[in-house]
């Protein structure tokens, strides 16, 4: 039987290729994700290992706060510890390590891409640091800087050029005297690095000559890394250093860096894998369809096999073996395709300056194995129903030529479909009230009902299309409608594959447009001023010089909010978070928060304002105490002096003067709000522009401009997701090609007959085209309904997280619908040409 | 041999059809000249491989000649492009095949009027009614082919061939898949179409009984016309056929 299956697979090369294509497309994405992330991981692992090759121990503060956005802020250590560490026997060298925010602007432009880190550091002439001078010389005084080669290349910087650097202390000009590499690589993963001499980096980057981020320690070889770390720890304790100071071995610091990168990457892997799974899911529709069609086309052959004595199981098994061969072969080719996909993305990233540089692709067998198993399993699962159906073919099956399959509009299907939808609605209704399991179940059920109800959508659409198209385009329109109605199940599955991609696009677009509408509402409700000055970067820093200059210019009423990492909680259970620091007087004038109790006026340096949700989760009310700890050592038992319902800001607001030492607390100015007499005007805009122009890392935006900018950020994110979803749309389009191609093959006799009795090639082409368009319309219909449901669910789920407004993007929905129909038309091109070329004589030859 | 005059519905002159080349060369038609008069029912007979199907395909514009010419009405087929040939088949030719005659997605009425639908015309309603009544399908018009018996399907095919009043109808073993009683029914319809409706039919068959319904039988062997017979009976045709075996 196996031999027979093999023979069968081989004898139908065309169909084999089409089936395999669906598997290949489904698995290539998955394999590509593995190759891509494995390669990135491996290359950064190497970079970190090289970077800390000469580091045997690392000393730093263990006091670290994880902010609300996943950003870690670690406390500084005392610069005096350098001498303590250097004096430990076995230590050859103790090197100060500084890395704190420092953004460069060059030639009137901000340096660096997007939200990648901007780092200021200290140059040390030592093997212990990863930095090597590539060109020029080290910085020797307070007006010189060296930059990493990737940044210099991207910004077009040369030795001798002047660069402007902004830190928490202000903005200064430096001359570039050197270009450095990071452990031999151009740069460190997209971050920009500005390296100063030690004194300058202490004063200007850290803002406190007594503080360091850490100490890199090199041993003299007499002790192992572990022994050295222990010796240092003992010396630190003996010196009376702060308890929070910790010592890591060189291996540990490498592993920590590698792990934190891995963590970031695993998020990326999961994120990308989701889209790979979506692609495979869409692909499975196609695989199922191909096997179904293939089984239908083999009805006669299977009947013959049964007649000459093959058992039911043998026929079924032969189908399974074929599926196995196609699954394994397709997945293997998918792996190859994944390698191509990954190298393409890496080349693109490298060209854009985000990549790890020239690297060898990391071909991890695990990724390929997973791809192979998943691809083969999906193919086999898709083959189950068709294989069982083949087995059920009776030996004396009527040797009909083309079966009309009316399955798919049965009563049972209607009942099951209705139940599924009701269950889905019930689960979703239960789930949006904060129950993720029900929500997931509901969404899954929605997709199931797409599969179940699909034929019930396809059948009436095709039935209506037949007379309508008949009127509009004549006989070919009538036939297109009839062909689409021929097997509503097949049409529905092809359309369903398209609908999945479309519905996700619509769902995501709804999320985007609702987020935009929500931020508009929040801003309109909470801010009465006219302008906002903010850093270009999402988590960027406003230069204190800029703030001072705007405040001094007297253009209007100015109000600054700052941000600080903090621990907040009750009864000594403080949790890491991020707080906003305000000047209550300014807030009273420019902010119109909705308070259920208290208000801005009440806020003192020992008080706190809380968002309603936060207050209830902490279980506090007006007048209760909340513990707040900052990195500068401030600990306050703060009184709750106001509770607000306005969303879109952080949950905790404190008085700016609660922060005693902003540089130690690593607090900084986040945004400036300006209110001008008489509102927004040309002269006010020009006056503000004139100041902000000098600080390219910041921008001044009008009320509407702020919303537009927010919208464009969302659009950037949406475009990224659309690009990932494009793969599944592409697979769905390929599904249309494959299904129609097989249908044309299946109907070759009929097409020959049609040609014989006077159907022109053009009419044959047009019939296939219209059939595809009907499929596209069915797909669009299902996609729009499902997508609208998904969009609504997403928005409702995050209603309390700043998505207060549900705003379906009608334009996108219309565009997506048109796109699916256009795609269907394009997909019909090849099958339509093939159909028009049907051989009349071969079709009517009596056999 | 019959002269190809204005009264012929279709005909071939020195028709040659060669398949393959070199040693594999097959002369399916080897200089056939024949004419089919209007309003007559002609049968083409011959043993397997005699070229009878090839002759029909070439006469109907489904296949092209290697040399010689064929015409339908006054139109010379070799000068026509695919588009024009298609239109000719739609307007001037009717077909009845042995099997796979009908489009499975269309009902009986739609199959009958298919050539008219394709041309975008309503056709002559009175004529179509007459055809439908002649083949006795009035109560089966809304049925799909899969819901019709083999004989009913062939009657639909006959009706379709007649629907646009073609210059000539070609039938390729129209009763080959039917039992003898149903076959007789179909042949009877075809004869009535010629006698009562004035149609012209050319039928390829190897069944002497079927041939006996024709007004005239042409015998083909090895791509040539070897004999012809007027007002045939089954016995005479069978006798003639037996001689091919010698």
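The values are calculated or read from the model by the stated rules, or taken from the named source; none is laboratory data. If you're wondering where the values come from, they're calculated on a predicted model, not measured in any experiment. Don't worry about glycine lacking a Cβ; one is built from the backbone with ideal geometry, like all the others, and counts go over all protein chains shown.
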Taking the condition assigned to a loop (DSSP other than H, G, I, E, B) and closer than 21 Å to residue A:541 by Cβ, does residue A:164 pass? no
I'd like to know if the range B:150-162 contains one or more residues that are closer than 20 Å to residue A:754 by Cβ, within 13 Å of chain A (Cβ to nearest Cβ) and either more than 18 Å from the chain's Cα centre (by Cα) or outside any helix (DSSP H, G or I) (or both). no
Which one is farthest from the other protein chains (Cβ to nearest Cβ), of the residues in the range A:727-749 that are more than 16 Å from residue A:494 (Cα to Cα) and surrounded by fewer than 23 Cβ atoms within 10 Å (Cβ to Cβ)? A:745
May I ask you to list the residues in the range A:32-74 that are under 18 Å from the mean Cα position of the chain (by Cα) and assigned to a helix (DSSP H, G or I)? A:32, A:33, A:34, A:35, A:36, A:37, A:38, A:40, A:41
Is it true that residue A:524 is in contact with a strand residue (DSSP E or B) (Cβ under 7 Å, 6 or more places away or on another chain), surrounded by fewer than 23 Cβ atoms within 10 Å (Cβ to Cβ) and not in a strand (DSSP E or B)? no
With the condition kept exactly as written, say whether any residue in the range A:820-838 is outside any helix (DSSP H, G or I), within 40 Å of the chain's Cα centre (by Cα) and either touching a residue at least 12 places away in the same chain (Cβ under 8 Å) or within 14 Å of another protein chain (Cβ to nearest Cβ) (or both). yes
Any residue at all in the range B:131-146 that is part of a helix (DSSP H, G or I), in contact with a helix residue (DSSP H, G or I) (Cβ under 7 Å, 6 or more places away or on another chain), more than 7 Å from chain A (Cβ to nearest Cβ) and surrounded by fewer than 17 Cβ atoms within 10 Å (Cβ to Cβ)? yes
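Let's see how each residue does on (1) within 14 Å of another protein chain (Cβ to nearest Cβ); (2) more than 30 Å from residue B:161 (Cα to Cα); (3) in a loop (DSSP other than H, G, I, E, B); (4) without any contact (Cβ under 8 Å) to a residue 60 or more places away in the chain:
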{"residue": "A:755", "(1), (2), (3), (4)": "yes, no, no, no"}
{"residue": "A:764", "(1), (2), (3), (4)": "yes, no, no, no"}
{"residue": "A:767", "(1), (2), (3), (4)": "yes, no, no, no"}
{"residue": "A:774", "(1), (2), (3), (4)": "yes, yes, no, no"}
{"residue": "A:780", "(1), (2), (3), (4)": "no, yes, no, no"}
{"residue": "A:800", "(1), (2), (3), (4)": "no, yes, no, no"}
State which residue is nearest to the other protein chains (Cβ to nearest Cβ) when the search covers only the range B:108-120 and only residues that are within 14 Å of residue B:155 (Cα to Cα) and assigned to a helix (DSSP H, G or I). B:110
Would you call residue A:24 crowded, with 20+ Cβ neighbours inside 10 Å and in contact with a strand residue (DSSP E or B) (Cβ under 6 Å, 6 or more places away or on another chain)? no
Those strands (runs of 3 or more DSSP E) completely within the range B:25-107 that have 2 or more residues that are within 13 Å of chain A (Cβ to nearest Cβ) are B:93-96
Quick test for you: out of A:667, A:684, A:698, pick the one residue that is closer than 18 Å to residue A:553 by Cα, crowded, with 18+ Cβ neighbours inside 10 Å and within 37 Å of the chain's Cα centre (by Cα). A:698
Can you work out which of the residues in the range A:637-664 that are modelled with pLDDT of 90 or more and under 32 Å from the mean Cα position of the chain (by Cα) is farthest from residue A:579 (Cα to Cα)? A:644
Kindly list the number of the only condition in (1) in contact with a helix residue (DSSP H, G or I) (Cβ under 8 Å, 6 or more places away or on another chain); (2) surrounded by 18 or more Cβ atoms within 10 Å (Cβ to Cβ) that fails for residue A:569. (2)
Given the condition out of contact with any helix residue (DSSP H, G or I) (no Cβ under 7 Å at 6 or more places or on another chain), surrounded by fewer than 17 Cβ atoms within 10 Å (Cβ to Cβ) and in a helix (DSSP H, G or I), answer yes or no: does some residue in the range A:315-327 qualify? no
Of A:507, A:562, the only residue that is away from chain B (no Cβ under 14 Å) and assigned to a strand (DSSP E or B) is A:562
Among the residues of the range A:471-487, what is the count of those that are more than 8 Å from chain B (Cβ to nearest Cβ), surrounded by fewer than 24 Cβ atoms within 10 Å (Cβ to Cβ) and more than 15 Å from residue A:762 (Cβ to Cβ)? 2
Looking only at the range A:464-476, decide whether some residue is in a helix (DSSP H, G or I) and closer than 30 Å to residue A:278 by Cβ. yes
Taking the stated definitions as given, is residue A:462 under 30 Å from residue A:750 (Cβ atoms) and modelled with pLDDT of 85 or more? yes
So residue A:232 fits all but one of (1) modelled with pLDDT under 90; (2) in a helix (DSSP H, G or I); (3) within 13 Å of residue A:56 (Cβ to Cβ); what number is the exception? (1)
Within the range A:609-636, of all residues that are more than 35 Å from the chain's Cα centre (by Cα) and part of a strand (DSSP E or B), the one surrounded by the most Cβ atoms within 10 Å (Cβ to Cβ) is A:626
Which numbered condition residue A:333 fails, given (1) more than 15 Å from residue A:375 (Cβ to Cβ); (2) at pLDDT 85 or above; (3) surrounded by fewer than 22 Cβ atoms within 10 Å (Cβ to Cβ): (1)
Subset of the range A:536-554 [in a helix (DSSP H, G or I) and either in contact (Cβ under 8 Å) with a residue 12 or more places away in the chain or surrounded by 16 or more Cβ atoms within 10 Å (Cβ to Cβ) (or both)]: A:544, A:545, A:546, A:547, A:549, A:550, A:553
Under 26 Å from residue A:165 (Cβ atoms), surrounded by fewer than 16 Cβ atoms within 10 Å (Cβ to Cβ) and either without any contact (Cβ under 8 Å) to a residue 60 or more places away in the chain or assigned by TED's automatic domain parsing to the domain that holds residue A:544 (or both): does that describe residue A:689? yes
